[in-house]
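**Student:** First the structure, then my questions, so here it is.
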């Protein structure tokens, strides 16, 4: 049974300019749901967009998986007046409905987890032809005429005694092919409901919504932490190995400064069984040469969605994010800072990273911060001996 995911993206956004590409906790908004889809039971995920920049981003960023396929959608299906169903049918007809299950995923629902996707897929059995995600809200609802919708105000229930009301959160819709062909709609006649967390009801339509959702996501990631023995140390480069400055000449990048004591610290923790990896958004020949000199084999250059790649690495190495320590200094490290077992940041890192890191080191980047972090790891791991 072939199960495909479908993420429609448009260039335009009236409420928040460039919303789909704007960084939410340091990564483009659409990558939150795309990353979860990659690790779900979907066989393929199609990102359907009129933004050629997103298409190029996906081709470069997710080369390590064959599941993600960006496609250029027509201008008609990406217009302000076009419905999501129009884009869905245009796409399905272009591939001659070559699937068994179609799963619509909304990029503006960053709380979606792979488990939510998988449950929706599982519900498509003999009893249901489609499924959608909902939130059970315990709020008391009224209509415009002043009539209560879901409770009796003269017998106001306590929250713990109140069943509440299920509200569609617009995150995940799964549909069997036959139902989609006949109804031309994301939902069929026999619909299963899958509950998601209450926070997933937030919609991102304003700057205030953005701030609320971003903070909720960071707190969610931190709540999932369960620090264990550190088996892997992952490091950013600029602002961690270096002081963040680069000199240029007419030929381009010229020099970066590295602290030799940091290199010794990394050598020592490797002798104690900690694997060292480097992950940077820059694609620098200087960095590649320095890491080769340090004998660091796992070096990932030009990475923009660091969190999804980190999860992929953890899965391939049969380890957990809780067994990882991460050192970063800027917003593109923020999701990893909030997610790994132990996160550390140099003393001269950006304020937002210092606010959310587990440990703010006393040393600056390029001036002993890595060596200090290595000593912390050695001391911390002693409790597991």
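Quick note: the coordinates plus some simple rules give every number you see, no bench work behind them. In this text the structure is predicted, and so the values were computed from the model without any measurement. Positions of Cβ are generated from backbone atoms using ideal geometry, with glycine treated the same way; all protein chains shown enter the neighbour counts.
**Student:** Take the chain, connect every pair of alpha-carbon atoms lying under 10 Å apart with a spring to form a Gaussian network, then pick out the residue of 42, 166, 105 with the largest mean-square fluctuation.
**Tutor:** Checking each option, the largest mean-square fluctuation is seen for 166.
**Student:** At a Förster radius of 41 Å, what calculated FRET efficiency corresponds to the Cβ-Cβ distance of residue 264 and residue 69, to the nearest 0.05?
**Tutor:** 0.35
**Student:** What ranking do 143-154, 106-117 get when scored by the average of other Cβ atoms within 10 Å per residue, highest first?
**Tutor:** Peptide ranking by packing, descending: 106-117, 143-154.
**Student:** Over all directions, the average projected area of the alpha-carbon convex hull for the chain comes to how many nm²?
**Tutor:** The orientation-averaged projected area of the Cα hull of the chain comes to 23.9 nm².
**Student:** Restricting things to Cα coordinates, could you compute the convex hull volume per residue of the stretch 129-254 in Å³?
**Tutor:** Considering the Cα atoms of the stretch 129-254, their hull volume per residue is 317 Å³.
**Student:** Kirkwood Rh and Cα-based Rg: tell me the resulting Rg over Rh for the stretch 324-385, rounded to two decimals.
**Tutor:** Ratio of gyration radius to Kirkwood radius for the stretch 324-385: 0.97.
**Student:** With each pseudo-label sitting 7 Å past Cα toward Cβ, what's the residue 52-residue 162 distance in nm, one decimal?
**Tutor:** With each label placed 7 Å out from Cα toward Cβ, I get 5.3 nm.
**Student:** Just subtract the alpha-carbon distance of residue 283 and residue 80 from 0.36 nm times their residue separation and send over the number in nm, one decimal.
**Tutor:** Gain on extension, residue 283 to residue 80, equals 69.4 nm.
**Student:** Now, a different point. Once you place label points 7 Å from the Cα toward the Cβ at residue 191 and residue 23, how far apart are they in nm?
**Tutor:** Distance between the two pseudo-spin positions: 3.8 nm.
**Student:** Compute the Rg to Rh ratio over the stretch 232-384 from the alpha carbon atoms, using the Kirkwood formula for Rh, and round to two decimal places.
**Tutor:** 0.94
**Student:** Moving on. With a Cα-only, solvent-free Debye model of the stretch 1-53, what are the log10 I(q)/I(0) values at q = 0.15 Å⁻¹?
**Tutor:** Scattering profile of the stretch 1-53, log10 relative to I(0): -0.46.
**Student:** Right, another one. Rounded to the nearest 500, what is the chain's calculated 222 nm mean residue ellipticity when only DSSP H runs of at least 4 contribute -39500 (n - 2.57) each, over all residues?
**Tutor:** Taking each H run of at least 4 residues, the total per residue is -9500 deg cm²/dmol.
**Student:** Give the relative contact order (percent, whole number) for the chain; include only Cα pairs under 8 Å separated by 6+ residues.
**Tutor:** Reported relative contact order: 15 percent.
**Student:** Which values, in whole Å and largest first, are the semi-axes of the equivalent ellipsoid of the stretch 3-223 obtained as the square root of 5 times each eigenvalue of the Cα gyration tensor?
**Tutor:** After diagonalising the Cα gyration tensor, the semi-axes are 30, 22, 17 Å.
**Student:** How high is the relative contact order of the stretch 3-223, in percent, with contacts defined as C-alpha pairs under 8 Å that are six or more residues apart?
**Tutor:** 23 percent
**Student:** Cα axis of helix 84-94 to longest principal axis of the chain: angle in degrees, 0 to 90, nearest 10?
**Tutor:** 80 degrees
**Student:** Under 10 Å, Cα contacts only: if you run a Gaussian network model on the chain, which one of 304, 190, 275 comes out with the highest mean-square fluctuation?
**Tutor:** Highest fluctuation among the options: 190.
**Student:** Over the stretch 232-384, what is the relative contact order in percent, taking alpha-carbon pairs closer than 8 angstrom and at least six residues apart?
**Tutor:** 28 percent.
**Student:** Which of rounded, prolate or oblate describes the stretch 77-127 when judged by the alpha-carbon gyration tensor and an a/c cut-off of 1.5?
**Tutor:** Oblate.
**Student:** Could you identify which residue out of 17, 70, 157 has the top mean-square fluctuation in a GNM of the chain using Cα springs shorter than 10 Å?
**Tutor:** 157
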